[in-house]
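The values are calculated or read from the model by the stated rules, or taken from the named source; none is laboratory data. Quantities reported herein were computed from a predicted structural model and do not represent experimental measurements. In this analysis, Cβ positions are derived from the backbone assuming ideal geometry, glycine residues included, and neighbour counts consider all displayed protein chains. Surface accessibility is based on the protein's heavy atoms, side chains included, excluding ligands, DNA and RNA. Shrake-Rupley method; radii C 1.70, N 1.55, O 1.52, S 1.80 Å.
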Amino acid sequence: MHKISRRELLKIGTASSGLFILNSLPLRLLSLDKDNTVFSTPGQWIRSTCSPNDTGACGMMAYVKDGRIQTLIQAADYPEAAYNPRGCLKGLSTMNLVYGPDRLKYPLIRTGQRGEGKFRKATWEEALDYIAGRLKSIKSKYGPESIMTTIQVGGTGYVAKGAFIRLAALDNWSACHAYDQNGDLPMFWPMTFGVQSEELETLEWLNSRLTVIFGSNPMYTRLPDAHFLTENRLQGGRMVIVDPNYSSTASKADEWIPIAPNTDAAFALGLARVMIEQELYDSNFVKTYSDLPILIRQDNGKRLKAGDLPEDAYSKITAPDYREVYLVFDENRNAPAPLNPENLDLGNVNPALKGEYSITLKGGQAVKCKPAFQMLREMLDGYDLKTVSRVTGAPVETIERLAQEIARQKPLHIIYGASNYQWYHGDLKGRALALLTVLTGNVGKSGAGISTYAGQYKIRFPIGVWWVPDGKKPNWFPFNYLLHGPTKTMSAKYPKNGVKAYIQAWGNPFDQHNLNNRLKEIAAKDELELIVTIDFQMTTSALWSDVVLPGVTWYEKTDLVATPAHPYLQLVQPAIKPLFESKPELWIVQELAHRLNPDYDKYFFKDMEIDQAAEKAINLMLEKGGPLVAGITLSDLKKGPVRLKLPTPDQRQIPFYEQIHSKKPFPPVTYPYPLAGTAQFVKSGRIEFYKDEDVFIKSGEALPVHKPTFEETEYLLNPGSRDKYKFVYLTRNSLYRTHSTHSNNPVMNELQDFKARVWINPEDAKPKGINNNDKVEVYNDRGKVYGFATLDHGIQRGIITFEQGWWSRYLQGTSYNSLLYPWIKPTHEIYFAAGVWSPNTAWNECLCDVRKT
């Protein structure tokens, strides 16, 4: 295990390799020099934004003197006092990354084997010429779509990330979206609401009367916003945690309900049954805003369309190509009636929720139809409280009491954590949990709804003027197919000749991503003919690259950032000049684009100084960004964060406010897609719980159901795993890292005793002879990872927990992701919109065993 002494912590010693190591630079954390000289001579405070993929987007102030950042503090300049200050120790200790020993100093070209870490120093001219030459050759031989780029999340850098997509579009490359690559895409959102995702801003947490958290640990992973949960409780709100393990958040909650892993769908459906049986649901809300009143044909499982009836019945009703006109049974007229997919106002129609009706189709055939709500009621017969208790382990009385509380305590806010939906059937759990908010009318209202917080993936306003040059787009396809290979049922376009060149920035996929041992295998066999990494640190992915280009930190460039956590636009502003020979990513793209085709120069403002070019891109996006950024200028942003102009009271971020209060059809726009690109996911224009696409019907998932874990994955792939591997392998987010970022931060590592931990219940550890701090190996047929045992009664039996983000150098060359498999669920393949409807990584759908080493 990698170890740093306390002396090294205070002053990092000279490293062995001179290629990319920064030598003997002191660390300085939130403190003055002993003689208080930091501020004794003139310096300058620069406002920037901490921008790893952590959702926080916290404003930071850098004090700069003599061209060096002397200290970092929280900016605390948000117009709403409740958001001040924002930040955590990771952000405050970022100087360890800016000035640390892994800082890349200049371009590198590989001289040894991939992964060996042998490079030679190169000039920028040499490195860029080499990359451009190889890309031209690969493009000529295999086609441009064989070149793939991954950029990580767009919200952490609209300019830099957009520059990469802009180049990929112009040169016809392929691109993988970070949301599904990272396993962060909650697929229930497009299935149910037709959007990528929507969340309450964290300030709205204060307005919830009841907060129920499923598999999320915000007190541990959302430090800048965790105080809102505490303040909510202090003012009378109630917080309930439903989680297999006892977490930091559970310790602060009013109630912790432990359930068996991956049984949240059964739990939620048990709650729904109680609400429906005891008539605790909001029938008017269900009729108006959901698809549950729509009639379902019992002969084929499809929704009843207006076009199914005689030609002249509803011939005057039209809808856009991405919508359908569906029928309900109107109790006022005792006859079928169409729902207007372009307006949610029911008018004089009173849709039935219960019953069975005989409907005469064109041609004279009669078919039995039931409202989807009736079918839901019948399906819930299988979720009686005794059955749900047996499946989940939660007591019957607890399930019934919580159902009644959820129905009565409004506003209700459900937080659904990434570790909970990163399962093969995570979409089913999300659909079942969303059902609770709709049954109780907790959508589109202050403090109400369901939220998922998993990175700065969301594009907050139209940015096509920068990301989509001349209407051109790259060939998007899911990262999972790079590892799994194409499938017969995929709707994304896989490159004809496969992927031959891989250009990645910021993501560290050779550590951080699903089945990285497969990625290393592809690299070792030269199936990838060119691997290029752009980063500011020598990550594991850089070690596996052919060319490494030194990028910059968020204190050395100009960019625009936003986050789902709060609706503010903020600038990344350079506090210092790029260190050594490092360059902003926009400059790298400029130079590479010029070498590929000089005609591309005009698209990247190559005639401008680099920060001016970045500002030009920001100005373009603001000028063409529509009502959400109307009137917001670069000058405004230089003064501090600016709230987006949302069409809600006080411009608060309240998902689906317009749909609920103005009867606008679902979905709202998911940027940067046009509405037609995502509205097809919910063709009724309403919140959908009944999915009638063939694959849903065939799989028995037309309605949200609970399915047992591993039956369609581990046990199907290897029947022997049922008896061989008895532990569920959970990888959770860390307090000490933002995914892979800060894995090499000595301050954060000291807080962990420089040890990667494996959490296990003492009763599971005892028969294996495992004691606290024993070195252990977690393994299965696919891979292994080393760590040190932490015996914890808060970990449910049968679970092994490992915190993600550790670089392999801290794990004796092993990887916590090598145990995984790139499962692809067929329901995730019927549509494809990059980062919206796409096969998502199922990080936690994994079995393992553990032994003492």
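In the set (1) more than 24 Å from GLY720 (Cα to Cα); (2) open to solvent by 30 Å² or more (accessible area, probe 1.4 Å), the condition left unmet by PRO767 is number (1).
Just one of the numbered conditions (1) more than 13 Å from the chain's Cα centre (by Cα); (2) surrounded by fewer than 24 Cβ atoms within 10 Å (Cβ to Cβ); (3) of a type in the set (A, V, I, L, M) is not true of ILE459: (1). Just the residues that are open to solvent by 10 Å² or more (accessible area, probe 1.4 Å), modelled with pLDDT of 95 or more and within 14 Å of CYS846 (Cβ to Cβ), please, taken from the stretch 723-761. Result: LYS724, TYR725, LYS726, PHE727, VAL728, LEU730. A single entry from PRO598, PRO641 fulfils the requirement of being of a type outside the set (Gly, Ala, Ser) and either open to solvent by less than 50 Å² (accessible area, probe 1.4 Å) or farther than 30 Å from ASP129 by Cα (or both): PRO641.
Could you figure out which of (1) part of a helix (DSSP H, G or I); (2) open to solvent by 50 Å² or more (accessible area, probe 1.4 Å); (3) closer than 24 Å to ASN508 by Cα; (4) of a type outside the set (A, V, I, L, M, F, W, C) isn't true of LYS616? The failed condition is (3).
Within the stretch 541-551, if we keep just the residues that are touching an Asp or Glu at 6+ places or on another chain (Cβ under 9 Å) and either surrounded by fewer than 24 Cβ atoms within 10 Å (Cβ to Cβ) or modelled with pLDDT under 95 (or both), the residue that is nearest to ARG809 (Cα to Cα) turns out to be LEU543.
Please find, within the stretch 124-169, the residue that is modelled with the highest pLDDT out of those that are in a loop (DSSP other than H, G, I, E, B) and in contact with a helix residue (DSSP H, G or I) (Cβ under 7 Å, 6 or more places away or on another chain).
VAL153
Of the residues making up the stretch 186-216, those that are open to solvent by 30 Å² or more (accessible area, probe 1.4 Å) and either more than 28 Å from GLN404 (Cβ to Cβ) or not in a helix (DSSP H, G or I) (or both) are GLU198, ARG209.
Any residue at all in the stretch 556-564 that's surrounded by fewer than 23 Cβ atoms within 10 Å (Cβ to Cβ), touching a strand residue (DSSP E or B) at 6+ places or on another chain (Cβ under 8 Å), hydrophobic (A, V, I, L, M, F, W, C) and assigned to a loop (DSSP other than H, G, I, E, B)? Within the stretch 556-564 (the criterion being surrounded by fewer than 23 Cβ atoms within 10 Å (Cβ to Cβ), touching a strand residue (DSSP E or B) at 6+ places or on another chain (Cβ under 8 Å), hydrophobic (A, V, I, L, M, F, W, C) and assigned to a loop (DSSP other than H, G, I, E, B)), the answer is no, since none of the residues qualifies. Here is the figure for the stretch 829-853: residues that are at pLDDT 95 or above, open to solvent by 10 Å² or more (accessible area, probe 1.4 Å) and closer than 21 Å to PRO708 by Cβ total 1. Of all residues in the stretch 62-93 being without any contact (Cβ under 8 Å) to a residue 60 or more places away in the chain and open to solvent by less than 40 Å² (accessible area, probe 1.4 Å), which is nearest to THR202 (Cα to Cα)? Among residues in the stretch 62-93 that are without any contact (Cβ under 8 Å) to a residue 60 or more places away in the chain and open to solvent by less than 40 Å² (accessible area, probe 1.4 Å), the one nearest to THR202 (Cα to Cα) is GLY91.
Taking helices (runs of 4 or more DSSP H) as the structural unit, those lying wholly within the stretch 688-737 and holding at least 2 residues that are of a type in the set (A, V, I, L, M) and at negative phi correspond to 694-699, 714-717. Only a single item in (1) farther than 22 Å from ILE259 by Cα; (2) open to solvent by less than 10 Å² (accessible area, probe 1.4 Å); (3) β-branched (Val, Ile, Thr); (4) part of a helix (DSSP H, G or I) is not met by VAL443, and it is number (4).
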